[in-house]
Amino acid sequence: GDSVTQMEGPVTLSEEAFLTINCTYTATGYPSLFWYVQYPGEGLQLLLKATKADDKGSNKGFEATYRKETTSFHLEKGSVQVSDSAVYFCALSYSNAGGTSYGKLTFGQGTILTVHP
Amino acid sequence: ETGVTQSPTHLIKTRGQQVTLRCSSQSGHNTVSWYQQALGQGPQFIFQYYREEENGRGNFPPRFSGLQFPNYSSELNVNALELDDSALYLCASSPGTSDVSTDTQYFGPGTRLTVL
């Protein structure tokens with residue numbers, strides 16, 4: 001079945017440090033890939049997405065490139081801020097070949113990011 | 001902002017009871033999905049409704065059931081509650097385009113259910 005694996009956390013960084021959160025996936029179709037962020041006490045918000053191989057999603061200084069050859073979608077940011085402290089989830093969704101697709105999101109376990117001033 | 005709202009915010013029930021959670025989808029969205037998020041875990045897909053019909057289901061027992069109404073709002077019902085049902089229940093709406101796998105799902109803030 002489909003699965004998403006994220007790097008173990010938590011991740012603790014100083015402000016302005018470089019961030020990478022690794023994400024790899026297993027899927028039997030042609031998935032779309034997403035990064036969602038969850039701030040304390042809130043629901044999930046879409047951070048960025050990519051719907052086909054080699055696409056790059058970007059938002060708020062975060063980037064991730066859909067790498068089909070390595071089945072990866074690593075999240076990066078060049079300079080993190082304290083306000084980036086949150087839980088980050090990598091997820092996939094796909095259409096099956098039979099066309100009876102539905103947008104089931106399969107999530108990784110989440111990575112807690114803490115940024116200190 | 002997402003525009004997806006959920007009620008109630010928190011709920012405490014005892015084992016064996018039944019619970020109904022509610023979700024109002026974002027304007028213009030005809031698809032609603034429900035997820036269960038246990039503490040410290042990623043959300044797990046329960047089921048999805050598209051235009052009032054169940055359109056996919058995850059690995060949850062039949063005591064988890066749902067409805068979608070003509071205005072595309074939705075309910076999640078859980079019968080015979082168990083302790084392991086304690087979790088954050090998230091509702092997400094999406095526009096239901098021709099390729100739903102590419103749709104962005106917009107999440108509500110969730111309902112925190114505690115089963116004692």
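Every read-out reported here was derived from the displayed coordinates using simple, explicitly stated rules and does not represent laboratory data. This one's a predicted model, so the numbers in the text were calculated from it and none came from an experiment. Cβ placement follows ideal geometry from the backbone for every residue including glycine, while neighbour counts extend to all protein chains displayed.
Among B:ASN77, A:PHE18, B:GLY28, which residue has its Cα furthest toward the positive end of the charge dipole of the protein assembly as shown, with +1 on Lys/Arg Cβ and -1 on Asp/Glu Cβ?
So the residue furthest toward the plus end is B:ASN77.
Around A:VAL11, what is the net charge, scoring Lys/Arg as +1 and Asp/Glu as -1 over all other residues with Cβ under 14 Å from its Cβ? It would help to have the intermediate numbers written out before the result.
Working: positive: A:LYS77; negative: A:GLU8, A:GLU15, A:GLU76, A:ASP84.
That works out to -3.
Provide the gained length on full extension for the span A:HIS116 to A:TYR30, in nm with one decimal, where the gain is 0.36 nm per separating residue minus the Cα-Cα distance. Walk me through the numbers before you get to the answer.
Values: separation 86, 0.36 × 86 = 30.96 nm, distance 3.81 nm.
Extending this stretch completely gives an extra 27.1 nm.
Which value, in Å to one decimal place, does the Kirkwood hydrodynamic radius take for region B:26-68 when every pair of different Cα atoms is included? Walk me through the numbers before you get to the answer.
Values: mean 1/r = 0.0890 Å⁻¹.
For region B:26-68, the Kirkwood estimate is 11.2 Å.
Rounded to whole Å, give me the distance from the Cα center of region A:5-64 to that of region B:13-75.
24
Kindly state, to the nearest 0.05, the FRET efficiency for B:LEU116 paired with A:GLU42, given R0 = 22 Å and r defined as their beta-carbon distance.
On the way: r = 25 Å, r/R0 = 1.14.
Efficiency computed from Cβ-Cβ geometry: 0.30.
Over all directions, the average projected area of the alpha-carbon convex hull for region B:1-98 comes to how many nm²? Mind showing how you got there, number by number?
Numbers: hull surface 26.2 nm².
Across all orientations, region B:1-98 yields a mean hull projection of 6.6 nm².
Let me confirm the definition first: pairs of Lys residues in chain A, 8 or more apart or on different chains, C-alpha distance under 15 Å. How many are there? Working shown, then result.
On the way: A:LYS49/A:LYS60; A:LYS49/A:LYS68; A:LYS49/A:LYS77; A:LYS49/A:LYS104; A:LYS52/A:LYS68; A:LYS56/A:LYS68; A:LYS56/A:LYS77; A:LYS60/A:LYS77.
Total qualifying Lys-Lys pairs in chain A comes to 8.
Hey, if you drop one equal point scatterer on each alpha-carbon of the protein assembly as shown and run the Debye formula without solvent, what base-10 log of I(q)/I(0) do you get at q = 0.10, 0.13, 0.15 Å⁻¹?
So the normalised log intensities work out to -0.45, -0.76, -1.01.
With r defined as the distance between the Cβ atoms of B:ASN77 and A:THR70 and R0 fixed at 30 Å, what FRET efficiency is calculated, to the nearest 0.05?
Values: r = 42 Å, r/R0 = 1.40.
About 0.10, to the nearest 0.05.
Return the loop-located GluC sites (Glu not before Pro) in region B:1-96 (DSSP other than H, G, I, E, B) with at most 11 other Cβ atoms within 10 Å of their own Cβ; answer none if there are none. Can you show the working numbers first?
Details: sites: B:GLU1, B:GLU52, B:GLU53, B:GLU54, B:GLU75, B:GLU82; in loops: B:GLU1, B:GLU52, B:GLU82.
Sites meeting the loop and neighbour criteria: B:GLU1.
Taking region A:1-75, which chymotrypsin sites (Phe, Trp or Tyr not before Pro) meet the DSSP loop condition and have no more than 16 other C-beta atoms within 10 Å?
A:PHE18
With an 8 Å Cα cut-off and a minimum separation of 6 or more residues, compute the relative contact order for chain A in percent.
Details: 300 pairs, mean separation 41.3, N = 117.
Normalised by residue count, the contact order of chain A is 35 percent.
Per residue, how big is the convex hull of chain A when only Cα atoms are used? Give it in Å³. Present the calculation step by step, with values, prior to reporting the outcome.
On the way: hull volume 11.3 nm³, N = 117.
Convex hull volume per residue, Cα atoms: 97 Å³.
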